[in-house]
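Beneath this line is the structure, given in structure tokens, with notes to follow.
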Amino acid sequence: IEYKLKLVNPSQYRFEHLVTQMKWRLQEGRGEAVYQIGVEDNGLLVGLSEEEMRASLKTLRRMAEKVGADITVLREREVDYDSDVPRKITEVLVRKVPDNQQFLDLRVAVLGNVDSGKSTLLGVLTQGELDNGRGRARLNLFRHLHEIQSGRTSSISFEILGFNSKGEVVNYSDSRTAEEICESSSKMITFIDLAGHHKYLKTTIFGLTSYCPDFAMLVVSANTGIAGTTREHLGLAMALKVPFFIVISKVDLCSKATVERTVKQLERILKQPGCNKLPLLVTSDDDAVTAAQQFAQSPNITPIFTLSSVSGENLDLLKVFLNILPPLTNSKEQEELMQQLTEFQVDEIYTVPEVGTVVGGTLSSGICREGESLVVGPTDDGKFLRLKVCSIQRNRSACRVLRAGQAATLALGPFDRSLLRKGMVMVSPEMNPTICSVFEAEIVLLFHATTFRKGFQVTVHVGNVRQTAIVEKIHGKDKLRTGEKAVVCFRFIKHPEYLKIGAKLLFREGVTKGIGHVTDLQAITTKENGLEESLGPGQLNF
């Protein structure tokens, strides 16, 4: 955010200086910056007269044209400053498509209880048509026949919503394909639609841990309030430190009093000592702009939206919020990640006719190019296999270079699919990856019916790794009860996994739940194993 008092008729030298500053600001915000005009450098709201404001906006438009950006006025506000003339301050969003043509991409995980209207809301946002009240909007999102028949999401699906440089929504209502949406957007929101039903909880946890969402959207139905898995999903987002905002859907179904009751119920939970959040109810465009800026700066603020996917009430406020929502990482952190060695998490595996084996996932560090040779593993016996990346697709359109933090699918050509599984990593051959079967983690037991002791089996989730592990040892204690902390030694039952020290960990078994982070690994060196050459039928050595 850049404060400017006024930009009236600047000299040529000053104009050049302002343009350079704007370039720098846009680079810092990865293609986005907010200018507040009529505000002194120290944040004092002075305001400008109508004429000065018009001249300042004209200059700002010229500056934006010079750097190839567009500007949108977010909001205007009158200020009380000692003068007879009404004075205003204006907030302007400056956005450009970055030079490397990599649009800003934010990932939002969608959580909430079954039947709270998650898929319907996404259908309305991404298709641009309101729902008919019987779930028509969500039909395009479902991937399996049983989902269409039951109306329940059981798998993880990805939906995209674009915003162009002027801040207008780009979705399937005016674009036929995902490629068209990508081409005309300078900011993309990828929604990760997760299952709400308790029986698909492991899928939901996998979506939250492995796809590394920037934000989470918790959908609560206005007529049922906080029911079923809502608290659990809220707890998951907090345990994994994913900033979340709340959408209360279906407000057309119930009275104002019911909606208010649900809002109060949510506010009460958010203010509890365990949550310690500051709820912020969004009722106007002004609130939506404030919410988006505050939300990214302070993790304690939780915006709450009340909307309807059938009548479209307040849907625009959510769009304004998503349009302004800034990325969590700045360009400097992004650069640092890109300079590290390549590491790609394997989350999905497909076989595509005429393409061969395809893996989907996220590039957690480095840069990955078409034609690059990588190694994938660990296999059941702890080895890494060589492979070659034949082509890359991002948001269903071809892409030559993948940068850290981006999700994509990589085609591996004739590589044998049976050698791959979820939870593997693809890394550059120079890296000596640490794989282990035994690791230690500092944990907090969130809930357990009796006592948690040696020999107990739990399902451990660390990033994209999901495997059953046995508790080998609890340091300094014989057993653990609900709410207690300890350092615990786990052993994977089936095969070694690639883990990193400091990675967030979540484990569960029935009603038992716990969170923590990895503190120590008993590494199995991959040097001894050597790199295996993968030879399948009719396959060449790379």
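Each reported figure results from applying straightforward, stated rules to the coordinates on display, with no laboratory input. This is a predicted model, so every value here is computed, not measured. Methodologically, a virtual Cβ is constructed for each residue, glycine included, from the backbone with ideal geometry; neighbour enumeration extends over all protein chains shown.
Run the reach check for Lys88 against lysines, Cα to Cα strictly under 19 Å, same-chain hits fewer than 8 apart removed. What comes back?
Cross-link targets: Lys4, Lys6, Lys58.
Report the extension gain between Thr258 and Gln334 in nm, rounded to one decimal, defined as 0.36 nm multiplied by the number of residues separating them, less their alpha carbon distance. Could the numbers behind the result be given before it?
On the way: separation 76, 0.36 × 76 = 27.36 nm, distance 4.44 nm.
Once the chain is fully extended between Thr258 and Gln334, it gains 22.9 nm.
Can you tell me the convex hull volume per residue for the chain, based on C-alpha atoms, in Å³ to the nearest whole number?
Details: hull volume 95.4 nm³, N = 542.
Per residue, the Cα convex hull of the chain comes to 176 Å³.
For the range 3-68, state the average projected area of the convex hull of the C-alpha atoms over all orientations, rounded to one decimal in nm².
Working: hull surface 17.5 nm².
For the range 3-68, averaging the hull's shadow over all directions gives 4.4 nm².
Output the peptides 424-430, 31-37, 414-420 sorted from most to least packed, where packing is the average of other Cβ atoms within 10 Å over each peptide's residues.
Numbers: 424-430: 19.9, 31-37: 22.4, 414-420: 16.6.
Highest mean packing first, the order is 31-37, 424-430, 414-420.
Sorted by mean Cβ packing within 10 Å, highest first, what order do the peptides 301-312, 466-477 take? Don't skip to the answer; put the middle values down first.
Working: 301-312: 21.3, 466-477: 15.9.
Per-residue Cβ counts within 10 Å, averaged per peptide and sorted highest first, yield 301-312, 466-477.
Magnitude of the Cβ-charge dipole of the range 119-209, K/R +1 and D/E -1, about the Cα centre, nearest 20 debye?
Working: 10 positive and 10 negative charges, 96 e Å.
That gives the range 119-209 a dipole magnitude of about 460 debye.
Would you pull out the residues with amide H under 5 Å of Ser365's amide H, same chain only if 5 or more places away, H placed 1.01 Å from N?
For Ser365, whose amide H was placed from the backbone, the distant partners under 5 Å are Glu343, Gly405.
Can you give me the angle between helix 315-324 and the longest principal axis of the chain, using Cα atoms only, in degrees from 0 to 90, rounded to the nearest 10?
It works out to around 80 degrees.
What is the distance, in nm, between label points placed 7 Å from the Cα along the Cα-to-Cβ direction at Ile1 and at Ala227?
3.9
Given the DSSP H assignment, sum -39500 (n - 2.57) over each helix run of at least 4 residues in the chain and divide by its residue total; what's the result at 222 nm in deg cm²/dmol, nearest 500? Mind dumping the intermediate values first?
Working: 12 runs with 129 residues, N = 542.
The helix-only estimate for the chain comes to -7000 deg cm²/dmol at 222 nm.
With 28 Å as the limit, write out which pairs from Lys187/Lys256; Lys241/Lys388; Lys241/Lys513; Lys332/Lys422; Lys264/Lys479; Lys166/Lys264 have Cα-Cα distances beyond it, or answer none. Each step should come with its number before you reach the end.
Working: Lys187/Lys256 35 Å; Lys241/Lys388 35 Å; Lys241/Lys513 16 Å; Lys332/Lys422 31 Å; Lys264/Lys479 39 Å; Lys166/Lys264 36 Å.
Pairs exceeding 28 Å: Lys187/Lys256; Lys241/Lys388; Lys332/Lys422; Lys264/Lys479; Lys166/Lys264.
Please list, in order along the range 36-45, the HN-Hα scalar couplings obtained from phi with the Karplus expression 6.51 cos²θ - 1.76 cosθ + 1.60 (θ = phi - 60°), rounded to whole Hz, x for Gly and Pro.
10, 9, x, 10, 6, 4, 8, x, 6, 7
Of the options Thr283, Val114, Gln297, report the single residue whose Cα projects farthest towards the positive end of the charge dipole of the chain (beta-carbon charges: Lys, Arg +1; Asp, Glu -1).
Val114
Order the peptides 244-254, 369-379 from the highest to the lowest mean number of other Cβ atoms within 10 Å of their residues.
244-254, 369-379
What is the dipole size for the range 303-344, taken about its Cα centre, with +1 at each Lys and Arg Cβ and -1 at each Asp and Glu Cβ, in debye to the nearest 20?
Here the range 303-344 has a charge dipole of around 160 debye.
Using only the Cα atoms of the range 107-214, what semi-axes does the equivalent ellipsoid have when each is the square root of 5 times a gyration tensor eigenvalue? Give whole Å, largest first. Walk me through the numbers before you get to the answer.
Working: eigenvalues 114, 57, 22 Å².
So the three semi-axes of the range 107-214 are 24, 17, 11 Å.
Whole Å is fine, so just give me how far the alpha carbon centre of the range 351-377 lies from that of the range 4-70.
About 43 Å separates the Cα centre of the range 351-377 from the one of the range 4-70.
Per residue, how big is the convex hull around the C-alpha atoms of the range 4-127? Give it to me in cubic angstrom, could you? It would help to have the intermediate numbers written out before the result.
Working: hull volume 21.0 nm³, N = 124.
Roughly 170 Å³ of hull volume per residue.
How high is the FRET efficiency from Cys275 to Glu16, r the C-beta distance, R0 41 Å, rounded to 0.05?
On the way: r = 49 Å, r/R0 = 1.20.
Approximately 0.25, to the nearest 0.05.
Mind jotting down the distance between the C-alpha centroids of the range 111-184 and the range 259-278, whole Å?
28
Per-residue HN-Hα couplings for the range 262-279, Karplus 6.51 cos²θ - 1.76 cosθ + 1.60 at θ = phi - 60°, whole Hz, x for Gly and Pro?
5, 4, 5, 4, 5, 4, 4, 5, 5, 7, 4, x, x, 8, 6, 9, 10, x
Under 37 °C and 0.692 mPa s, how fast does the range 351-403 diffuse according to Stokes-Einstein, given a Kirkwood radius computed over C-alpha pairs? Answer in µm²/s, whole number. Kindly include the intermediate steps, with their values, before the conclusion.
Values: Rh = 12.5 Å.
Once the numbers are plugged in, D ends up at 263 µm²/s.
Where nothing but the Cβ of Lys and Arg (+1) and of Asp and Glu (-1) is charged, how large is the charge dipole of the range 271-410 around its Cα centre, in debye to the nearest 20? Could the numbers behind the result be given before it?
Details: 12 positive and 16 negative charges, 51 e Å.
In debye, rounded to 20, the range 271-410 gives about 240.
Which length gain, in nm to one decimal place, applies between Gln457 and Ser155 when the Cα-Cα distance is subtracted from 0.36 nm times their residue separation? The partial results should precede the final answer.
Numbers: separation 302, 0.36 × 302 = 108.72 nm, distance 2.55 nm.
Full extension from Gln457 to Ser155 adds 106.2 nm.
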